[in-house]
Amino acid sequence: VAPLLKDKADGYSATYQVLLAFSSIFYLMLGLYYFRKLLLNYFSDKITAVVLLCLYFGTNLFCYSTLDFAMPHSYLFSLTCIVMYFSKKLYEQPTTRIYILLGFLIGLISLIRPTDCIIILIPLLYGIKNKVEFKFRILDLLKEKTKIFMFCLAFVIPLIPRSEERRVGKKCRS
């Protein structure tokens, strides 16, 4: 895009800065959209709106999505909200498609910030209130071997370029 606008194609020019800011805002809006859809299952539209406003203006999300837009916070927020939304959907209608989507999203989150792979606990523990329910959840998941395999496969897909980069990087340094 930069060369079309007669700008340097170096990743640091104004074109890149503006597009990075727009992408941050886009992903923030996507995250707020999915979080709103999730909250509306439990709260009224008015309460949901207040929660979203408090979340945006009462946390660092505002700063990270407008001033420090190169940071991964708004992207991770969006992905996390989508994971939460589809975790609820998973137990309403457990389709292979949702397993694949959750695996891919959690893999993407792990690629962006590896310590955030703990988010896998959201779909695993969603709706569990005691140890007995947890035991039944594990037993139910063990019956879904194909779906779990697809989840794991989808989880690994976003990580493949990173592992290839490390493999090639080691050859170059040798």
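The values are calculated or read from the model by the stated rules, or taken from the named source; none is laboratory data. These numbers were taken from a predicted model, which means no experiment stands behind them. Here the Cβ is made from the backbone with ideal geometry for all residues, glycine too, and neighbour counts use every protein chain on show. In case anyone asks, the SASA skips ligands and DNA or RNA and just uses the protein heavy atoms, side chains included. Shrake-Rupley method; radii C 1.70, N 1.55, O 1.52, S 1.80 Å.
Condition test on ASP45, is it open to solvent by less than 50 Å² (accessible area, probe 1.4 Å) and among the acidic types (Asp, Glu)? Spelling it out, it is not the case that ASP45 is open to solvent by less than 50 Å² (accessible area, probe 1.4 Å) and among the acidic types (Asp, Glu). If you go through segment 133-146 and pick out every residue that is of a type outside the set (A, V, I, L, M, F, W, C) and open to solvent by less than 90 Å² (accessible area, probe 1.4 Å), you end up with 4.
Within segment 54-91, if we keep just the residues that are among the small types (Gly, Ala, Ser) and crowded, with 20+ Cβ neighbours inside 10 Å, the residue that is nearest to ALA14 (Cα to Cα) turns out to be SER65. Within the option set PHE62, PHE69, PHE22, being at pLDDT below 95, over 25 Å from VAL1 (Cα atoms) and more than 14 Å from the chain's Cα centre (by Cα) holds for one residue only, PHE62.
Among the residues making up segment 52-67, those that are part of a helix (DSSP H, G or I) and in contact with a helix residue (DSSP H, G or I) (Cβ under 9 Å, 6 or more places away or on another chain) are LEU52, LEU55, TYR56, LEU61, PHE62, CYS63, TYR64, SER65, THR66.
List pairs: first residue in segment 110-123 and in a helix (DSSP H, G or I), second residue open to solvent by 70 Å² or more (accessible area, probe 1.4 Å) anywhere in the structure, Cβ distance under 7 angstrom, at least six positions apart or on different chains. Once the first residue is in a helix (DSSP H, G or I) and sits in segment 110-123, its partners that are open to solvent by 70 Å² or more (accessible area, probe 1.4 Å) give LEU111/ARG162.
Only one of the numbered conditions (1) within 19 Å of LEU30 (Cβ to Cβ); (2) open to solvent by 40 Å² or more (accessible area, probe 1.4 Å); (3) at pLDDT 95 or above; (4) aromatic (Phe, Trp, Tyr) is violated by PHE149, and that is (1). Restricting attention to segment 3-28, the residues that are over 15 Å from SER74 (Cβ atoms) and open to solvent by less than 60 Å² (accessible area, probe 1.4 Å) total 4. Which pairs do you get when a residue that is within 19 Å of MET71 (Cα to Cα) and assigned to a loop (DSSP other than H, G, I, E, B), found in segment 1-28, comes within reach of a residue that is open to solvent by less than 70 Å² (accessible area, probe 1.4 Å) and small (Gly, Ala, Ser), reach meaning Cβ atoms under 6 angstrom, with the pair 6+ apart or on two chains? Close Cβ pairs satisfying both conditions: SER13/ALA2.
In the set TYR85, TYR33, TYR99, TYR12, only one residue is farther than 25 Å from LEU159 by Cα, of a type outside the set (S, T, N, Q) and within 16 Å of the chain's Cα centre (by Cα); that residue is TYR33. All of (1) exposed (fewer than 13 other Cβ atoms within 10 Å of the Cβ); (2) modelled with pLDDT under 95 hold for LEU121 with one exception: (2).
Counting only residues that are in a helix (DSSP H, G or I) and under 25 Å from TYR42 (Cα atoms), which one in segment 92-102 is most open to solvent (accessible area, probe 1.4 Å)?
Of everything passing the filter in segment 92-102, ARG97 is most open to solvent (accessible area, probe 1.4 Å).
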